[in-house]
Amino acid sequence: MVFPLDSTSEFTGKTVAEVKKLGRADFRSVATSRGDKTIIPYPRDIYYEGDTVYTITNNEAAKTAMAYS
């Protein structure tokens, strides 16, 4: 699943660890695109407006995770 982040995204301004603590959907962030860079996310990394977050999830959690896009 892919999540483009804007100023209203629940992820914007939070670290990867903070997003994981939200626990609203079972997914894992595997990459973030920021401008012309691809970042492998670490817990301390912060999501910014304009980032595109790439995740993996199972079929059951996909509908819940879609609410973030």
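Quick rundown of the values:
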| read-out | value |
| --- | --- |
| Radius ratio Rg over Rh of the chain, counting only Cα atoms, Kirkwood formula for Rh | 0.92 |
| Rounded to whole Hz, the Karplus (6.51, -1.76, 1.60) HN-Hα couplings of the range 13-18, x for glycine and proline | x, 9, 7, 4, 5, 5 |
| For the range 30-64 versus the range 1-28, the gap between their alpha-carbon centres in whole angstrom | 8 Å |
| Gain in span if fully extended, Ala31 to Glu60, counting 0.36 nm per residue against the direct Cα distance | 8.3 nm |
| Glu49-Thr15 pseudo-label distance in nm [points 7 Å out on the Cα-to-Cβ vector] | 2.3 nm |
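Throughout, read-outs are computed from the coordinates displayed, never taken from laboratory work. Since the structure is predicted, the reported quantities are computational estimates derived from the model, not experimental observations. Using ideal geometry, Cβ is built from the backbone for each residue, glycine included, and neighbour counts are taken over all protein chains shown.
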